[in-house]
Ligand code: PEP
Ligand code: MG
């Protein structure tokens, strides 16, 4: 119905005119980025680079992490570099001058390493039937066993991986920088931002940032095109929120990863609890909706407020946003408005709703949303 479409368009225009929160989208492919733009996203707030490795390239990530020698790891990294350069150039091209926040690799390792149980079964079956097991399987099983974690979401993820796998951060940053150079030479004004995931201590960010800046300068010198990318961090661990003042000295922006921040503040597993006991908790009224859907203002929200306040005190021009699922949840958007964030970033499909809610939040002011 044309009149409904026109009414929605008018409502969105009105919301855009009054809202203070910027609305970005989470996108990892040019297709998603294009969709995000059609829905009115003002940038990409989170590009999850691990999603770029799910298909055939998975094996390269596996090789990189399980490499037996430096040469083997370097080969995997060298194979990944041109693929990543193309990924980033594609996103920057679609976003055409809008900010694109690229997060350094944050793979839950259990989703990337070969299936340990399947390997163990293959080896055991071979042994039981008197055949020598495949030598590659045995070697791989040994490597996977050494990497195995009982709680991978609390394990070797995010910046930790970047700091223990030599060359990983450099490869991704080089790919970003070269993509920026490529777009700049094509006459565009690319705006890439580099985001470091799962930081808990300022020292982690400082180490990652040194590497980022070294590689940006290197590519700038090689190409004669200066590459300027703001470097920021995810705030998704309580310790990061509580030490935000120190972290802000090393970060040009904060992006709240409220999925992990909810997990680590409550001690709820992101992967396990929704079916195990949340239905009973919802039933008993422990909380009105899942804290993974609607931001918990007293716990997680308090950490967000502390981090914004202390971060801005240390660096007045600090940019702050949220890129967890809550960035697209209407009630949570009201919270982020009152907490004074600069932007929310959500799935492309939720961008119109986020624009409307950000507008509503600006209109209703602070009282109602604080009453929650
Ligand atoms: C988060 O933790 O909220 C986040 C955006 O990162 P991811 O969901 O990829 O862990
Ligand atoms: Mg996270």
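Here residue 298 meets the list (1) more than 13 Å from ligand 1 (Cβ to nearest atom); (2) in contact with a helix residue (DSSP H, G or I) (Cβ under 9 Å, 6 or more places away or on another chain) almost entirely, failing just condition (2). What residue, among those in segment 96-122 that are under 23 Å from residue 168 (Cβ atoms) and modelled with pLDDT of 95 or more, is nearest to ligand 2 (Cβ to nearest atom)? Only one residue fits best here, namely 106.
Residues of segment 244-277 that are away from ligand 1 (no atom under 16 Å from the Cβ), in contact (Cβ under 8 Å) with a residue 12 or more places away in the chain and surrounded by fewer than 19 Cβ atoms within 10 Å (Cβ to Cβ): 245, 246, 249, 252. With respect to the conditions (1) within 14 Å of ligand 1 (Cβ to nearest atom); (2) touching a residue at least 40 places away in the same chain (Cβ under 8 Å); (3) under 22 Å from residue 270 (Cβ atoms), residue 343 falls short on a single one, namely (3). Residues in segment 140-185 that are over 28 Å from residue 205 (Cβ atoms) and touching a residue at least 60 places away in the same chain (Cβ under 8 Å): 140, 143, 144.
Please verify whether segment 94-115 includes one or more residues that are at positive phi, in contact (Cβ under 8 Å) with a residue 60 or more places away in the chain and touching a helix residue (DSSP H, G or I) at 6+ places or on another chain (Cβ under 9 Å). Yes, segment 94-115 contains at least one residue that is at positive phi, in contact (Cβ under 8 Å) with a residue 60 or more places away in the chain and touching a helix residue (DSSP H, G or I) at 6+ places or on another chain (Cβ under 9 Å). Restricting attention to segment 1-37, the residues that are in contact (Cβ under 8 Å) with a residue 24 or more places away in the chain, in a helix (DSSP H, G or I) and within 19 Å of residue 100 (Cβ to Cβ) add up to 7.
Screening segment 116-133 for residues that are in contact (Cβ under 8 Å) with a residue 12 or more places away in the chain and over 19 Å from residue 67 (Cβ atoms) and picking the one that is surrounded by the fewest Cβ atoms within 10 Å (Cβ to Cβ) gives 120. For segment 38-65, the set of residues classified as in contact with a strand residue (DSSP E or B) (Cβ under 9 Å, 6 or more places away or on another chain), farther than 24 Å from residue 16 by Cβ and not in a helix (DSSP H, G or I) consists of 48 only. Considering (1) without any contact (Cβ under 8 Å) to a residue 40 or more places away in the chain; (2) in contact with a strand residue (DSSP E or B) (Cβ under 7 Å, 6 or more places away or on another chain); (3) over 21 Å from residue 179 (Cβ atoms), the lone condition that residue 231 does not fulfil carries the number (3).
Figure legend. Inter-residue proximity from segment 310-330: first residues touching a residue at least 12 places away in the same chain (Cβ under 8 Å) and within 12 Å of residue 251 (Cα to Cα), second residues within 16 Å of ligand 1 (Cβ to nearest atom) and part of a strand (DSSP E or B), beta-carbon distance below 6 Å, spacing 6+ or different chains. Indicated pairs: 311/254; 319/253; 320/254. The set of residues from segment 181-238 being part of a loop (DSSP other than H, G, I, E, B), within 16 Å of ligand 2 (Cβ to nearest atom) and under 19 Å from residue 100 (Cβ atoms) comprises just one member, 197. Residue count for segment 156-198, restricted to those that are under 17 Å from residue 90 (Cα atoms), touching a helix residue (DSSP H, G or I) at 6+ places or on another chain (Cβ under 7 Å) and within 16 Å of ligand 1 (Cβ to nearest atom): 2.
The values are calculated or read from the model by the stated rules, or taken from the named source; none is laboratory data. All values reported here derive from a predicted model rather than from experimental measurement. Heads up, the Cβs are rebuilt from the backbone with ideal geometry, glycines too, and the neighbour counts pull from every protein chain shown.
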